[in-house]
Amino acid sequence: MRKIFIILLLSVAFFKPQDLQAQCNASLVTVCSSKLSADATYLKELRARLQPQESGQQLPVARFSLLLNSGNHYRFSICNAQEFPAKAILQLYDQDKLVGTTYFAKTKQHYPAFDFICPKTGVYKVLISFEDGKEGCAVGILSLIKK
């Protein structure tokens, strides 16, 4: 009985409050991937859980590298966890050149997805951040669009 009590006590000690956030985990991936259109094949998820920007600090960003193949039609989708008011921004870069985004600063418009027809095989960078450096949780989904 004493061993069980110690195990429970240790379990509670290592349990983090952010683990309680219902949608900032695999269920958010399920929700986001269920929104894919019939012509899209799920390839990969990109999870981002970022803390708020501290004053004087750089904007918090989740970075991912993806190998994309020439001639393929890809779709990048983004879904926000409902527990956080901040809107996620997904950006796709070919080296230092922005080639796709879910947010247009000029119009301040957020979009749930964008399509990208890959012009050349190579490693592309995906950045996920949150508007105004706020705290947030989001999942980006990479899918392949059937021809």
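Any read-out appearing in this document is the output of simple, stated calculations on the displayed coordinates, not a laboratory observation. If you're wondering where the values come from, they're calculated on a predicted model, not measured in any experiment. Don't worry about glycine lacking a Cβ; one is built from the backbone with ideal geometry, like all the others, and counts go over all protein chains shown.
Suppose the chain between Phe104 and Lys120 were pulled fully straight at 0.36 nm per residue; how much longer would it get relative to their current alpha carbon spacing?
Numbers: separation 16, 0.36 × 16 = 5.76 nm, distance 2.44 nm.
Taking 0.36 nm per residue and subtracting the Cα distance, the gain is 3.3 nm.
Taking the average, over residues, of other Cβ atoms within 10 Å as the packing measure, peptides 45-52, 26-33, 119-126, 105-112 rank 45-52, 26-33, 119-126, 105-112 from highest down. Estimated from the Cβ-Cβ distance and a Förster radius of 41 angstrom, the FRET efficiency linking Asp39 and Arg63 is about 0.90. Note on Gln82 and Gln51: the model spin-label points, each 7 Å out from Cα along the C-beta direction, lie 2.8 nm apart.
Rounded to the nearest whole Hz, the Karplus-based 3J(HN,Hα) values (6.51 cos²θ - 1.76 cosθ + 1.60, θ = phi - 60°) of region 139-144 follow the sequence 10, x, 10, 9, 9, 9, with x at glycine and proline.
In whole angstrom, region 22-145 maps to an equivalent ellipsoid with semi-axes of 23, 18, 12, each derived as √(5λ) from the alpha carbon gyration tensor and ordered largest first.
With the simple spin-label model, which puts each label point 7 Å out from Cα in the Cβ direction, the Gln95 to Val31 separation comes to 3.9 nm.
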